[in-house]
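Just below is one structure, and these are the notes that go with it.
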Amino acid sequence: MSINPERCRLIFQKTERDLLKLSSGQAAEQVHSFRTTSRRLQTLLEDLIPQRSRNQKKLLKLLGQVRKRAGKVRDLDVQLAALRTLKIPQEPRRKTQLTQGLIELRAKHENKLRKLLTKDMIREIRKRLKRAARETKKDTQKETKKETQVEAGADPLLVARQMLAQVSAPETRLTEQLLHRYRVVVKRARYAAEFAPKSTAATQFLGQLKKLQDAIGDWHDWLTLTHTASARLGDVSQSPLVAALHNVAGGKFRRAVAALAASPTLHPSLKTVPGPTSDHSRKASPKTSTLLEQTGSAA
């Protein structure tokens, strides 16, 4: 099964459109849309196209710089959204204090993102996007027996399943570190599968991946907020608000693990895993914190 050429064409157009929207404003919807669209384009060029040109490599590098800055803003958007849904009577002042701190930090990162998006940066990315789109487009006007990049690309559904198979099933209990790895892999697998031609199998597979991605992503959002609150307000013994966040994150963790074990897209051995291992009753371990710092913006 080859790559859907129409989907391939549209992803280049949407990346350019989202880039222009992001350059004119950094609202939560604009930031999120650019990040997910540029990730999809990255998956196309890195995982589905057999060889990348120099232009495509440079394009990915430029988009990665913007996405990294946008990721700082997006992380704060999801934390603010989660915090606003938390309804607890304890420590209303500390909740307000934490909310205000996140808003101020978002403004700081938004300003850095805005400064990065210069006219020259936008112009170069748009130029390279158009060139990359031509490089990956099937040229129906030329009479040639050579395969285009899209025709020679990998099977999107096969690539997606191979991605999922690369994460080893846990020998004992599922940990936060392994669940985080699944979060990244499931997201990338979904983006790859989206380039498959429309079919019943592709639709079902994408539905399963989206359900799984939503469950794991929800856990990660609350875990990130919990770490932020712990750093600002102290551990669970010092703040009822932090304790409440740990409890919520723990519940999200268990639901994510249940979704993972029930998913037909993953390795059958996951269904025999005894249960999750989490540390939400105590302050996050340095190992987990380091992992989040390194990969927390991979969404």
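Within segment 133-167, track down each residue that is more than 30 Å from Tyr182 (Cα to Cα) and modelled with pLDDT of 80 or more. Across segment 133-167, the qualifying residues are Ala133, Arg134, Glu135. The single condition from (1) assigned by TED's automatic domain parsing to the domain that holds Gln42; (2) of a type in the set (Ser, Thr, Tyr); (3) modelled with pLDDT of 95 or more that Tyr191 fails is (1). Filtered by the rule that a residue be assigned to a loop (DSSP other than H, G, I, E, B), more than 20 Å from the chain's Cα centre (by Cα) and not β-branched (Val, Ile, Thr), segment 169-207 gives Ala169, Pro170, Glu171, Arg173, Pro197, Lys198, Ser199.
Scanning segment 228-258 for residues that are among the hydroxyl-bearing types (Ser, Thr, Tyr) and over 22 Å from Asp75 (Cα atoms), we see that the one that is surrounded by the most Cβ atoms within 10 Å (Cβ to Cβ) is Ser239.
All conditions in (1) in contact (Cβ under 8 Å) with a residue 40 or more places away in the chain; (2) among the basic types (Lys, Arg); (3) crowded, with 20+ Cβ neighbours inside 10 Å hold for Lys211, with the sole exception of (3).
Taking helices (runs of 4 or more DSSP H) as the structural unit, those lying wholly within segment 1-91 and holding at least 3 residues that are of a type outside the set (A, V, I, L, M), at pLDDT 95 or above and over 18 Å from the mean Cα position of the chain (by Cα) correspond to 5-24, 54-85.
The values are calculated or read from the model by the stated rules, or taken from the named source; none is laboratory data. All values reported here derive from a predicted model rather than from experimental measurement. Note: ideal-geometry Cβ built from the backbone for every residue, glycine included; neighbour counts use all protein chains shown.
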